[in-house]
Amino acid sequence: MKKRSIKSWAEEDQPREKLLQKGVSALSNAELLSILIGKGTVQHSALDIGKQILVRVNHDLMHLARLNVQDLVQFKGIGNTKAVTLVAAFELARRRKGIQKPKIKTAQDAYEHFKPYLSDLYREEFWMLCLNRQLQILQTIQISKGGLNATMVDIRLLFKAALENFSTSILLCHNHPSGQLHPSKQDIQLTQKIKSAAVYLDIEVADHLIFTDNGYYSFVENGLL
């Protein structure tokens, strides 16, 4: 009796549809492999092949990641193209493990991080770092662009981005193209407004930097946060 292809299953049981509907964490290891494998054979679905591979490595993902092209083509339904796809995915996962998220320990660290984003600009921009509990950068996000000496910030969008990135703290930064290193009255009011709102979301405002090409102003270092 022929195995049913994944496409013949109920939609909620198909790995691709399951991923779209329930998120990647809802998939089993075999289902994730089946997505990478793509198509199966007449006798075996991609999911069957994924299960066979996992059985061969005793469901040990470390062992799985060490399989090379020659190992993988031993499985029926895995040719060179599919084997290369799998090995490439394993290598990306391996490289990701070696990447250390940059950590912001000081205002100087934040200033150096923002240099590629805010140097030599002629208009104001407002940016935010999403940070975890270890003050590692989860995401660098542009919140708004403005004119020569002002930019509008929608606090709702700012916190939407912070929550979407699972931030436990945020670090704010905007530039002064004029080179003026001191905050305006509006800068101070906005910072206090964001800090007050953050309390209700259990998010800490780590600092607010004013960025210029010649230096920075830290709200924390100057006692304003």
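Points to keep in mind about this one:
- Scan of the range 79-129 for residues that are out of contact with any Phe, Trp or Tyr (no Cβ under 7 Å at 6 or more places or on another chain), hydrophobic (A, V, I, L, M, F, W, C) and within 30 Å of ALA150 (Cα to Cα), ordered by number: ILE104, ALA110, LEU121, PHE126, MET128, LEU129
- Yes/no for ARG156 being within 16 Å of the chain's Cα centre (by Cα), in the same structural domain as LYS115 (by TED's automatic domain parsing), over 25 Å from PRO116 (Cβ atoms) and of a type outside the set (Gly, Ala, Ser): no
- Checked against the criteria, LEU209 does not count as modelled with pLDDT of 95 or more, assigned by TED's automatic domain parsing to the domain that holds GLU124, under 21 Å from THR106 (Cα atoms) and within 20 Å of the chain's Cα centre (by Cα).
- Verdict on GLN180 being within 16 Å of LEU158 (Cβ to Cβ) and assigned by TED's automatic domain parsing to the domain that holds PHE126: no
- Long-range neighbours under 7 Å by Cβ, at least six apart or interchain, first residue outside the structural domain of ASN80 (by TED's automatic domain parsing) and β-branched (Val, Ile, Thr) within the range 21-40, second modelled with pLDDT under 85 and surrounded by fewer than 11 Cβ atoms within 10 Å (Cβ to Cβ): none
- Residue tally, condition within 14 Å of THR151 (Cβ to Cβ), hydrophobic (A, V, I, L, M, F, W, C) and out of contact with any strand residue (DSSP E or B) (no Cβ under 7 Å at 6 or more places or on another chain), over the range 171-194: 1
- Residue match in the range 71-88 (condition: of a type outside the set (Val, Ile, Thr), more than 30 Å from GLN142 (Cα to Cα) and within 21 Å of the chain's Cα centre (by Cα)): yes
- Residue count for the range 97-120, restricted to those that are hydrophobic (A, V, I, L, M, F, W, C) and loosely packed, with under 14 Cβ neighbours inside 10 Å: 1.
- Looking only at the range 55-101, and only at residues there that are among the small types (Gly, Ala, Ser), without any contact (Cβ under 8 Å) to a residue 40 or more places away in the chain and part of a loop (DSSP other than H, G, I, E, B), the one that is nearest to SER34 (Cα to Cα): GLY79
- Qualifying residue in the range 108-123 (condition: closer than 15 Å to THR212 by Cβ, in contact with a strand residue (DSSP E or B) (Cβ under 6 Å, 6 or more places away or on another chain) and of a type in the set (Asp, Glu)): no
- Within the range 145-170, tally of residues that are in contact with a strand residue (DSSP E or B) (Cβ under 7 Å, 6 or more places away or on another chain), outside any loop (DSSP other than H, G, I, E, B) and surrounded by fewer than 16 Cβ atoms within 10 Å (Cβ to Cβ): 2
- Of the residues examined, GLN134 is not one that is under 18 Å from the mean Cα position of the chain (by Cα) and either modelled with pLDDT under 90 or within 28 Å of ILE188 (Cβ to Cβ) (or both).
The values are calculated or read from the model by the stated rules, or taken from the named source; none is laboratory data. Note that the structure is predicted; figures quoted are calculated from it, not measured. Because the Cβ atoms are built from the backbone with ideal geometry, glycine has one as well, and the counts that use them run over all protein chains shown.
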